[in-house]
Amino acid sequence: MDEKELQQSRRGFVKKTTALIGAAVLTAPSANAISLTNPGRERGDARYIGQEGKRFGMVIDLRKCVGCQACTSACKSENRVPKEKFRTYVPEYELGTYPNVHKAFLPQLCNHCAEPSCVSVCPTGATFARKDGIVVVDSEVCWGCGYCINACPYDKRYFNPITNVADKCTLCAHRVDHGLLPACVESCVGGARVFGDFNDPHSAVSKLLSSFPTTVLKPASGTKPRVFYIALSGEIQGLPYSPNVLDDMARKIDGMPTTREWSTKGE
Amino acid sequence: MDFGTLLHTISSITPDRPWGIDIPNYFWFTGSSAAAFIISSFAHVFGMKEYKPIAGFSLLLAFVLLVAAPMNLIDDLRQPGRIINFFFYGWENFPTSPMKWGVLLLIAYPLLILVEALVLYRPYFWFSKGMVRSQEQIEKDHHLGVVLGAIGIPLALSVHGYTGYILGAVHAIPLFHTPLMPILFLASAMVSGTGLLIILLPIFQKFFTDFKRVDMAMMQRLARLLSWFIVIDLVIRFFWLTFAITFNGEEKYALKLFFGENFWEVLIVDYVICLLVPMIIGFTNYFARSFKWVLFAGILSAIGVWIFRWNTVIGGQSIGKTTPFLLEYHPHIVGFDSIVSVLSNWSLLIALIALVMVIFPWDKEMANYYVTKEER
Ligand code: SF4
Ligand code: SF4
Ligand code: SF4
């Protein structure tokens with residue numbers, strides 16, 4: 001072969017290989033591999049679609065919360081939430097200066113936002129909102145990038161150390177889909193947590209919304225939370241920054257090593 | 001009445017933070033790659049003759065940095081085995097998830113550099129096989145190189161700019177949430193990329209070429225360039241911080257808390273030692289003529305940008321969202337996302353540099369500018 005022929009046969013080879021690779025790439029997705037969403041949603045699996053026409057959420061009446069943490073523990077056992085992780089919890093605040101002081105409890109859970117910033121950033125489509133507004137994670141699709149954990153303005157996501165993917169409150173979708181209440185609502189001692197369908201004007205949550213002034217946490221986040229609060233104190237609504245936090249401090253005072261990668265900084 | 005001082009959280013939880021030490025390192029790699037590419041384009045696309053000698057070298061450096069960079073991302077994943085899901089699912093989030101843009105950018109960009117490098121070095125590969133490319137072919141190659149370089153510039157800007165978007169899009173974290181983030185990242189990337197070139201160029205010129213000389217004029221030129229990039233970086237940071245801390249809405253409280261607590265690390269270490277000092281070295285003829293000082297400036301600025309990436313990624317996540325104060329980060333020594341994984345990534349980078357520099361005849365090409373025909 002002279003040089004020219006050699007070159008041409010090489011060109012031919014390159015062209016053929018490129019065509020082959022191209023064909024392979026183009027035919028692969030026709031086997032349903034590439035998806036706008038994720039396989040579960042494409043299949044129309046009931047757990048992924050939820051209850052069409054409904055819009056679930058919660059109203060929490062803070063006047064009734066006694067800070068007993070029954071909800072926290074009910075959630076942990078119902079959902080087998082791993083050690084040191086929480087889907088819901090009730091932080092306690094001391095407001096005012098002595099002698100004019102009072103305590104505030106603030107039950108928190110995922111707000112199942114109408115414009116969830118955790119969902120819009122997910123690069124694998126693993127997290128999404130069901131048709132009834134419940135925001136869930138498909139633990140078999142999530143690749144654990146953590147983008148959603150940073151994107152949630154409410155710190156309501158964590159890495160589950162057992163499944164090794166992002167995890168969060170599901171509003172007990174597995175119970176709700178069988179007509180039961182979420183575990184935290186079921187166990188709420190003070191009757192502070194009320195669950196229901198905002199699309200139904202006769203539901204308890206709709207009635208509460210129409211009879212009391214309600215508000216949400218950090219309204220400026222723009223995610224339109226669907227967990228509303230009655231009697232939420234303005235001092236804690238924005239979950240303000242302050243140098244006083246006792247979290248994790250006992251651990252440090254006792255000289256226990258900080259075993260976790262991230263811990264709260266003690267003053 | 002200042003409610004902030006009256007508020008005591010007496011019980012709360014420690015929230016999760018996903019990104020560790022790998023992520024600042026990833027940003028440093030992609031940034032330096034983009035910068036190296038742009039410096040190589042000074043000669044390839046804009047025809048600036050004075051940068052010709054290092055154009056090929058920095059192109060190869062850009063390639064290597066970008067091949068090593070994504071390893072950081074993969075190591076930061078909790079389920080790295082599911083990487084395929086990134087390519088297959090969730091395309092409806094493409095417009096709102098900057099991380100997803102990486103699918104296209106992280107494939108297109110290294111491929112483009114590789115092709116450009118192959119075109120650039122084609123005559124040398126041919127030569128080593130005893131073939132000579134005709135003048136016409138060489139001109140064609142040159143033209144192709146310019147086109148590839150011109151496509152590459154926006155691609156290089158995007159490949160690093162998108163990392164700025166990843167952070168800037170997170171409105172939950174006040175330190176990330178600024179439209180300036182992509183441009184801030186690009187400006188500091190130019191600093192670290194130039195710094196890295198200043199460190200590597202003399203090593204390679206001195207020890208791995210036939211002419212075995214460090215081009216001091218080039219070092220001085222790079223030092224001057226570095227200083228100008230630092231000026232741009234500082235100006236953008238000035239706009240960012242003045243608006244973010246002074247004229248901002250609610251976010252300013254978190255930022256005040258953050259910068260108050262980290263005042264010395266940020267101001268003295270990052271701004272003064274790692275940016276102002278190298279800037280002065282580059283602008284002062286006395287220092288810029290001295291090899292040692294220029295090298296020192298290169299090292300400082302490369303480290304400084306790494307610290308900036310760290311302060312941004314780790315610092316941003318340290319700001320509490322539901323907890324009132326800052327969090328602390330302690331990277332693991334070994335395992336995923338640890339100090340050892342970052343060191344391994346650097347080792348991989350060095351191995352790749354060695355490999356690529358062995359395969360590509362960069363030294364032959366560079367020698368053209370330093371050695372006369374007779375000497376060869
Ligand atoms: S509270 Fe956070 S995790 Fe829940 S839907 Fe809103 S943004 Fe997502
Ligand atoms: S951690 Fe999982 S659910 Fe969250 S953004 Fe990444 S892929 Fe999506
Ligand atoms: S169970 Fe009810 S009363 Fe008890 S802490 Fe939770 S929300 Fe408050």
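Remarks
- Building the convex hull from the alpha-carbon atoms of the protein assembly as shown and averaging its projection over directions returns 33.5 nm².
- In degrees, nearest ten, helix B:181-207 long axis to first principal axis of chain B (Cα): 40
- Extension gain (nm, one decimal) between B:Val371 and B:Leu355, 0.36 nm per residue minus Cα-Cα: 3.3 nm
- The phi torsions of the range A:197-211, fed into the Karplus equation with coefficients 6.51, -1.76 and 1.60 and a -60° offset, translate into couplings of 9, 6, 6, 9, x, 9, 6, 4, 5, 4, 5, 4, 4, 7, 9 Hz, rounded to whole numbers, with Gly and Pro shown as x.
- What the protein assembly as shown shows is 44 Å² of accessible area per residue, with the surface traced by a 1.4 Å probe over protein heavy atoms.
- Heavy-atom accessible area, probed at 1.4 angstrom with all protein chains present, ranks B:Val269, B:Val132 as B:Val132, B:Val269, highest first.
- Inter-part distance where the range A:170-239 and the range B:311-350 are each reduced to a Cα centre, Å: 36
- Of the residues B:Phe360, B:Phe283, B:Phe247, the one that moves most in a GNM of chain B with alpha-carbon contacts below 10 Å is B:Phe247.
- For the range A:31-253, the fraction of alpha-carbon pairs lying more than 30 Å apart is 24 percent, rounded to a whole number.
- The range A:84-159 versus the range B:61-84: alpha-carbon centroid distance in Å: 28
- Net charge of neighbours whose Cβ lies under 15 Å from the Cβ of A:Lys224, counting Lys and Arg as +1 and Asp and Glu as -1: +3
- Relative contact order (percent, whole number), the range B:8-84, Cα cutoff 8 Å, 6+ residue spacing: 37
- Solvent-accessible surface (1.4 Å probe) assigned to B:Leu73 amounts to roughly 50 Å².
- Loop-resident GluC sites (Glu not before Pro) (DSSP state other than H, G, I, E or B) in the range B:326-376 with no more than 13 further Cβ atoms inside 10 Å of their Cβ: B:Glu374, B:Glu375.
- Shape of the range B:17-99, Cα gyration tensor, a/c cut at 1.5: prolate
- The residues of the range B:322-336 listed by number as losing at least 30 Å² of accessible area in the complex, against the isolated chain and with a 1.4 Å probe, are B:Thr322, B:Pro324, B:Phe325, B:Leu326, B:Leu327, B:Glu328, B:Tyr329, B:His330, B:His332.
- The share of alpha-carbon pairs in chain B lying farther apart than 40 Å comes to 19%.
- Net dipole in debye of the protein assembly as shown [+1 Lys, Arg Cβ; -1 Asp, Glu Cβ; about Cα centre; nearest 20]: 640
- Using every pair of distinct Cα positions in the range B:298-376, the Kirkwood expression returns a hydrodynamic radius of 16.8 angstrom.
- If you run the Gaussian network model on chain B, springs between alpha carbon atoms under 10 Å, then out of B:Phe296, B:Phe94, B:Phe27 the most flexible one is B:Phe94.
- Taking label positions 7 Å along the Cα-Cβ direction at both B:Val231 and B:Leu144, the computed distance is 4.0 nm, reported to one decimal.
- Most fluctuating residue given options B:Asn345, B:Asn311, B:Asn262, as computed from a GNM of chain B linking Cα atoms under 10 Å: B:Asn262
- In sequence order, calculated HN-Hα J values of the range B:51-62 (Karplus, 6.51, -1.76, 1.60; Hz; x Gly/Pro): 9, 3, x, 9, 4, x, 4, 6, 5, 5, 4, 4
- The range A:124-165: C-alpha gyration tensor shape, a/c 1.5 cut-off, then a/b vs b/c: oblate
- Flagged links, alpha-carbon separation over 22 Å, of A:Lys54/A:Lys83; B:Lys212/B:Lys292; A:Lys131/A:Lys224: A:Lys54/A:Lys83
- Sparsely packed loop sites in the range B:99-200 (the trypsin sites (Lys or Arg not before Pro) outside DSSP H, G, I, E and B with at most 13 other Cβ atoms within 10 Å) comprise B:Lys129.
- Between the range B:87-148 and the range B:180-227, the alpha-carbon center distance in angstrom: 23
- Mean projected area of the convex hull spanned by the Cα atoms of the range B:70-127, taken over all viewing directions: 5.6 nm².
- Those residues of the range A:108-143 for which accessible area with every protein chain present is at least 50 Å² below the isolated value (1.4 Å probe): A:Ser120, A:Pro123, A:Trp143
- Net charge over other residues, Cβ less than 13 angstrom from the Cβ of B:Gly90 (K, R count +1; D, E count -1): 0
The values are calculated or read from the model by the stated rules, or taken from the named source; none is laboratory data. Because the structure is a prediction, the values reported are computed rather than measured. With ideal geometry, Cβ positions are generated from the backbone for all residues, glycine too; neighbour counts draw on all protein chains shown. With ligands, DNA and RNA removed, areas are computed over all heavy atoms of the protein, side chains included. Shrake-Rupley method; radii C 1.70, N 1.55, O 1.52, S 1.80 Å.
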